[in-house]
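Heads up: the structure comes next, in structure tokens.
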Amino acid sequence: MPAATPSGDLSLPLDGIEDLIAASATFQSWTGAADADAAAAYIHWHELIGNVTFPCALVKRIGFGHRRDTPEFLTGEQACGVDVTFYSVPAGIDEKDSFVIHDNHVGAILNEMQTGQRTVGQTRFGDISETETPMREERGLYTDDDSAGDVIRSTYRFSTSTD
């Protein structure tokens, strides 16, 4: 079955942010991907399903439309946010170093995303509007192997708008 093509105000922001993450040289290196096309396999939409390979990213849409008191309402732009969550496996060293390594990779990826092209197709990406402190979770939440250990996750919210 051929892959579905993203279109419209619901899919395009997710597709655009996936493109920005996959284009990151740091994300490609971190995941061991040869290029952006290979890196896209480590980016999931809406939820992590099945046996997930780490590190990876999860993108999901939050909110849609516009409030009446915003400039977007007057211009007809549709606005929503996109949450990007990065997951990694602790490096097998002490707790602090595991978080430092995670933050180093994620910080470099976010920097590449924000200093590069900010418009993909008809979608414009704003600055990070919210962040969630990195935390440890059981990897069993994302794989069939409950004994697999922990993952570190951190979430960043981007504002987006489309014409």
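The values are calculated or read from the model by the stated rules, or taken from the named source; none is laboratory data. These numbers were taken from a predicted model, which means no experiment stands behind them. Note that we place each Cβ from the backbone using ideal geometry, even for glycine, and neighbour counts take in every protein chain shown.
With respect to being of a type in the set (S, T, N, Q), at pLDDT 70 or above, closer than 22 Å to Thr115 by Cα and not in a loop (DSSP other than H, G, I, E, B), Ser11 falls outside the description. Ala38 meets each of the listed conditions (1) more than 12 Å from the chain's Cα centre (by Cα); (2) not in a helix (DSSP H, G or I) apart from (2). Only residues that are at pLDDT below 85 and either exposed (fewer than 12 other Cβ atoms within 10 Å of the Cβ) or within 13 Å of the chain's Cα centre (by Cα) (or both) were counted across the range 133-157, and they come to 5. Scanning the range 41-58 for residues that are assigned to a strand (DSSP E or B) and in contact with a Ser or Thr (Cβ under 8 Å, 6 or more places away or on another chain) turns up Cys56, Ala57, Leu58. Look at the range 36-60: where a residue is farther than 19 Å from Val106 by Cβ and a partner is among the hydroxyl-bearing types (Ser, Thr, Tyr) and surrounded by fewer than 19 Cβ atoms within 10 Å (Cβ to Cβ), sitting 6+ places away or on another chain with Cβ atoms under 6 Å, you get Asn51/Thr143.
Scanning the range 23-32 for residues that are at pLDDT 95 or above and part of a helix (DSSP H, G or I) gives Ala25, Thr26, Phe27, Gln28, Ser29, Trp30, Thr31.
Given the criterion of a type outside the set (A, V, I, L, M), at pLDDT 90 or above and surrounded by fewer than 19 Cβ atoms within 10 Å (Cβ to Cβ), identify the matching residue among Asp35, Asp69. Even if it seems obvious, please write down each step before you answer.
Numbers: Asp69 fails: at pLDDT 90 or above.
Step by step, each of Asp35, Asp69 is checked, and only Asp35 is of a type outside the set (A, V, I, L, M), at pLDDT 90 or above and surrounded by fewer than 19 Cβ atoms within 10 Å (Cβ to Cβ).
Selection of the range 23-39 for residues being closer than 15 Å to Glu112 by Cα and among the hydroxyl-bearing types (Ser, Thr, Tyr) yields Ser24, Thr26, Ser29.
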